[in-house]
Amino acid sequence: MQPKDLKKILTPTVLREAEKLVDGYKIVIEPQKESGFVGSAVEFPTAFAKGKTREKCLKATKEVLTAAVATMIHLGGTPPQPAVAQRRTAQVNVRLTPTEKDLISRAAAENGFKGIGDFLRAVAMTSAKSVFKHL
């Protein structure tokens, strides 16, 4: 679906709200051997886009994120808030073997996360939301 198609379905208010949220997202753009670049947001790692240049990738990523967030808002869902807007004050400690830590660290880097904590939080939240999607 193209961005212009979204304007036919979603209200301008919903699109503006989505764009405002996406503007606060931390977008990660990584080079890819065959496709140029791929981008996603730390707050929404399951929505991603590709582009031949960093600039085109950034634009495409923002469009995909805006579409995803606007759709969530339109359907009555709660999209992820920008990480900066969320103060994290609760702490959870997890003990790992060195092998587990290495594997998770590599998976985090491969998926564009800054560190293990961001990766574990995103994976855990995605899993938790799928388990409790009925709430």
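The numbers here are math on the coordinates, done by the rules we state, and not lab data. Keep in mind the model is a prediction, meaning the values are calculated, not measured. Here the Cβ positions follow ideal geometry from the backbone for every residue, glycine too, while neighbour counts run over all protein chains shown.
With angles folded into 0 to 90 degrees, how steeply does helix 98-110 sit against the dominant principal axis of the chain? Use alpha carbons for both and round to 10. Helix 98-110 and the main axis of the chain meet at about 20 degrees. Reported to the nearest whole Å, the Cα centre-to-centre distance from the range 70-107 to the range 114-131 is 4. Here the Karplus relation 6.51 cos²θ - 1.76 cosθ + 1.60, evaluated at θ = phi - 60°, turns the backbone of the range 17-25 into coupling constants of 4, 5, 4, 5, 5, 4, 4, x, 6 Hz, with x for every Gly and Pro. Amide H contacts of GLY24: none lie under 5 Å away among residues 5 or more positions distant or on a separate chain (H built 1.01 Å from N in the peptide plane; Pro and chain starts excluded).
Gain in length, PHE132 to GLU30, computed as 0.36 nm per residue apart minus the alpha-carbon separation, to one decimal in nm?
Working: separation 102, 0.36 × 102 = 36.72 nm, distance 3.17 nm.
Extra length available between PHE132 and GLU30 comes to 33.6 nm.
Remark on ALA47: its backbone amide H falls under 5 Å from those of ALA41, a criterion applied only to residues 5 or more positions apart or on other chains, H modelled at 1.01 Å from N.
FRET efficiency for GLU100 and LYS8, Cβ-Cβ distance as r, R0 = 41 Å, nearest 0.05?
Working: r = 48 Å, r/R0 = 1.16.
Efficiency for this residue pair is about 0.30.
Any idea what angle helix 54-74 forms with the longest principal axis of the chain, computed on alpha-carbon atoms, 0 to 90 degrees, nearest 10? It is inclined by approximately 80 degrees. Could you please report the charge total around ALA83, scoring K, R as +1 and D, E as -1 over all other residues with beta-carbon less than 11 angstrom from its beta-carbon? That works out to +3.
Divide the volume of the convex hull around the Cα atoms of the chain by the residue count and you get 132 Å³ per residue. For the pair ALA90 and LYS52, label points projected 7 Å from Cα toward Cβ lie 4.7 nm apart. Among the lysines of the range 1-85, pairs that are 8 or more positions apart or on different chains and have alpha carbons within less than 19 Å of each other number 21.
Applying the Karplus relation 6.51 cos²θ - 1.76 cosθ + 1.60 with θ = phi - 60° to the range 118-132 yields 3J(HN,Hα) values of 4, 5, 4, 4, 5, 5, 5, 5, 4, 5, 4, 5, 6, 5, 9 Hz, where x marks Gly and Pro. Among ARG106, ARG121, ARG87, the largest mean-square fluctuation in a Gaussian network model of the chain, built with springs joining Cα atoms closer than 10 Å, belongs to ARG87.
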